[in-house]
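Enquirer: Before we start, here is the structure in question, set down as structure tokens.
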Amino acid sequence: MKILVTGGAGFIGGNFVYYLLGKYPEDKVVCVDKLTYAGNLETLEEALKDPRFTFYKADITDRRAIDGIFDKERPDAVVNFAAESHVDRSISNPSVFLKTNILGTQVLLDACRKYGTARYHQVSTDEVYGDLPLDRPDLFFTEQTPLHTSSPYSASKASADLLVLAYFRTYGTPVTISRCSNNYGPYHFPEKLIPLMITSALGGRPLPVYGTGANVRDWLYVEDHCSAIDLIVRKGRVGEVYNVGGHNEKTNLEVVQTIVSILGKGEIVYVKDRAGHDLRYAIDPTKIRNELGWEPVTRFDDGIRRTVDWYLTHKEWWEHILSGSYMKYYKKMYGSGR
Ligand code: NAD
Ligand code: DAU
């Protein structure tokens with residue numbers, strides 16, 4: 001199988017590239033990434049040495065470039081991770097979120113139609129369901145929960161989901177969608193809660209907790225998300241949405257305190273809350289478990305220790321991000337062309 005992975009220089013896309021290369025010796029992986037501030041070719045350093053891997057620097061909203069790549073590569077499946085993904089950035093500048101997350105999805109869907117791609121998979125998020133109250137632990141997001149978004153980011157992701165389902169209904173495009181809870185693990189960009197707290201504690205900077213730290217997220221180790229997507233792409237039913245999560249709910253304060261206790265350092269400070277801050281996310285993964293037999297394998301206690309260890313042993317990776325030097329990697333690898 002030849003799989004085109006967009007956003008493969010980012011956190012989850014990068015982990016997915018390694019997941020595929022590790023699990024399927026016969027498969028080829030084509031990665032398309034614009035290398036925005038969140039894309040880091042250093043993440044793909046090992047993959048770039050593998051003859052089964054090809055990298056294109058391209059914007060998913062650039063129809064000509066995307067059609068050109070489809071024309072040349074003729075992928076069997078497309079997995080779309082490429083997105084603007086940080087809620088706080090969507091609050092200060094929504095435009096690029098709408099462009100990449102919605103129009104970019106449209107360009108990819110059109111290319112799949114044009115080249116007869118056998119499967120388009122949209123990597124979506126539990127944030128499309130809005131949030132749940134803190135005092136109702138009995139409630140969970142199912143695939144039937146209405147879309148009810150809070151931030152420009154989640155609104156753009158929900159819009160993309162609707163477009164994907166519209167292409168299925170109108171044109172019969174063979175699509176699937178996964179809606180996953182919060183991921184953590186290696187290569188997570190240090191603007192997001194867990195890597196921000198680890199790198200800040202290591203750098204002697206304060207750990208900024210929004211509001212009171214009582215908001216709840218449902219954490220999933222990134223490899224478990226990769227295995228879910230892989231199953232959906234190969235065995236999932238077209239036109240279907242699958243929720244992905246492992247019943248691992250934690251308050252933000254619990255997560256930060258766990259990191260402080262593993263590292264033995266870190267000073268928590270309470271800062272102004274995020275505008276429109278979602279209270280609680282919690283996924284009901286019954287459908288993917290019953291239909292596809294998916295189960296997460298990494299418990300939070302193990303995953304968070306492994307993640308902290310990864311940041312301790314990969315200081316160069318995140319120090320290059322903090323210093324900005326990771327942006328020069330593409331030039332070093334490719335000069336100005338591809
Ligand atoms: P990320 O921000 O780490 O990576 C995004 C990648 O997309 C980067 O490599 C970036 O360069 C690339 N990109 C951005 N705009 C592009 C464009 N116009 N053209 C081509 N490439 C572009 O994001 P992530 O956390 O790895 O999330 C990946 C996907 O998974 C997103 O679609 C996100 O909505 C979804 N998701 C994330 C989580 C999470 O916890 N991080 C959970 C559920 C779903
Ligand atoms: O649920 C899936 C979503 O998870 C994905 O769709 C998003 O792409 C991904 O970024 C993530 O969104 P969150 O907003 O939940 O993640 P973030 O790491 O930004 O924040 C997690 C929680 O921690 C949230 O309640 C806000 C809080 N927070 C975050 C930061 C960056 C803090 O308290 N302090 C911080 O400095």
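Enquirer: If amide H atoms are built 1.01 Å from N in the plane of the peptide, which residues on other chains or at least 5 residues away come under 5 Å of the amide H of Tyr120?
Expert: Hits under the 5 Å cutoff: Val78, Val175, Thr176.
Enquirer: State whether the chain is rounded, prolate or oblate according to the following rule on the C-alpha gyration tensor (a ≥ b ≥ c being the square roots of its eigenvalues): a/c under 1.5 gives rounded; otherwise a/b larger than b/c gives prolate, and the remaining case gives oblate.
Expert: Verdict is oblate for the chain.
Enquirer: Which percentage, to the nearest 5, of the DSSP beta bridges contained in the chain is antiparallel?
Expert: Within the chain, antiparallel bridges account for around 10 percent of the total.
Enquirer: Can you work out the PRE-style zone for Ser92? Point 7 Å along Cα to Cβ, and I want the residues of segment 266-281 with backbone N under 19 Å.
Expert: Hits in segment 266-281 for Ser92 at 19 Å: 270-278.
Enquirer: Something else now. For the pair Arg237 and Leu322, what calculated FRET efficiency results from E = 1/(1 + (r/R0)^6), where r is the Cβ-Cβ distance and R0 = 56 Å, to the nearest 0.05?
Expert: 0.85
Enquirer: What ratio of Cα Rg to 2.2 N^0.38 Å holds for segment 159-316?
Expert: Its radius of gyration relative to the 2.2 N^0.38 Å reference: 1.18.
Enquirer: Toward the positive end of the charge dipole of the chain, about the Cα centre and with charges on Cβ (Lys, Arg +1; Asp, Glu -1), which of Thr251, Pro152, Pro195 goes farthest?
Expert: Pro152
Enquirer: While we're on this one: Which one of Pro206, Phe53, Leu292 has its Cα pushed farthest toward the positive end of the charge dipole of the chain, where Lys and Arg give +1 and Asp and Glu give -1 at the Cβ?
Expert: Of the listed residues, the answer is Phe53.
Enquirer: If ligands, DNA and RNA are left out, what is the accessible area of Glu267 with a 1.4 Å probe, given in Å² to the nearest 10?
Expert: Spelled out: Glu267, probe radius 1.4 Å, area about 120 Å².
Enquirer: Please work out how much accessible surface Leu292 shows to a 1.4 Å probe, ignoring ligands, DNA and RNA, in Å² rounded to 10.
Expert: About 30 Å², rounded to the nearest 10.
Enquirer: Something else now. Would you grab the residues whose amide H sits under 5 Å from the one on Arg280? Only those 5+ places off in sequence or on another chain, please, with H modelled 1.01 Å from N.
Expert: Counting only residues 5 or more places away or on other chains, the set is Leu132, Val216.
Enquirer: Any idea of Ile91's accessible area? Nearest 10 Å², probe 1.4 Å.
Expert: 70 Å²
Enquirer: Moving on. Sort out for me the Cα centre separation of segment 160-220 from segment 104-139, rounded to whole Å.
Expert: Computed from Cα coordinates, the inter-centre distance equals 13 Å.
Enquirer: Order these peptides, 194-205, 164-175, by their mean beta-carbon neighbour count within 10 angstrom, highest first.
Expert: Top of the packing list down: 194-205, 164-175.
Enquirer: So what are the ³J(HN,Hα) numbers for segment 150-164, from phi and the Karplus equation (6.51, -1.76, 1.60; θ = phi - 60°), rounded to whole Hz, Gly and Pro as x?
Expert: So the Karplus estimates, Gly and Pro as x, are 10, 10, x, 4, 5, 5, 5, 5, 5, 4, 4, 4, 5, 5, 4 Hz.
Enquirer: Could you sort the peptides 312-320, 149-157 by per-residue average Cβ neighbour count (10 Å cutoff), highest mean leading?
Expert: Output ranking for 312-320, 149-157: 149-157, 312-320.
Enquirer: Also, quick follow-up: Per residue, how much accessible surface does the chain expose to a 1.4 Å probe? Answer in Å², no decimals.
Expert: 42 Å²
Enquirer: Please report, in debye to the nearest 20, how large the charge dipole of the chain is about its Cα centre when each Lys and Arg carries +1 at its beta carbon and each Asp and Glu carries -1 there. Don't skip to the end; give the middle numbers.
Expert: On the way: 41 positive and 42 negative charges, 195 e Å.
Magnitude of the dipole: close to 940 debye.
Enquirer: Now, a different point. Given a 1.4 angstrom probe, I'd like the percentage of the accessible area of the chain that is carbon and sulfur, rounded to a whole number. Before the final figure, lay out each step's value.
Expert: Working: 7310 of 14310 Å².
Summing carbon and sulfur atoms, their accessible area is 51 percent of the total for the chain.
Enquirer: Near the amide H of Lys28, under 5 Å away, which other amide H atoms are found, from residues 5 or more places off or on another chain, if H is placed in the peptide plane?
Expert: Here the answer is Lys2, Ile3, since their amide H atoms fall under 5 Å of that of Lys28.
The values are calculated or read from the model by the stated rules, or taken from the named source; none is laboratory data. Fair warning: this is a prediction, and the values are worked out from it, not measured in the lab. Glycine gets a Cβ as well: all are built from the backbone with ideal geometry, and neighbour counts include every protein chain shown. To get the accessible areas, we keep the full protein, side chains included, count just its heavy atoms, and leave off ligands, DNA and RNA. Shrake-Rupley method; radii C 1.70, N 1.55, O 1.52, S 1.80 Å.
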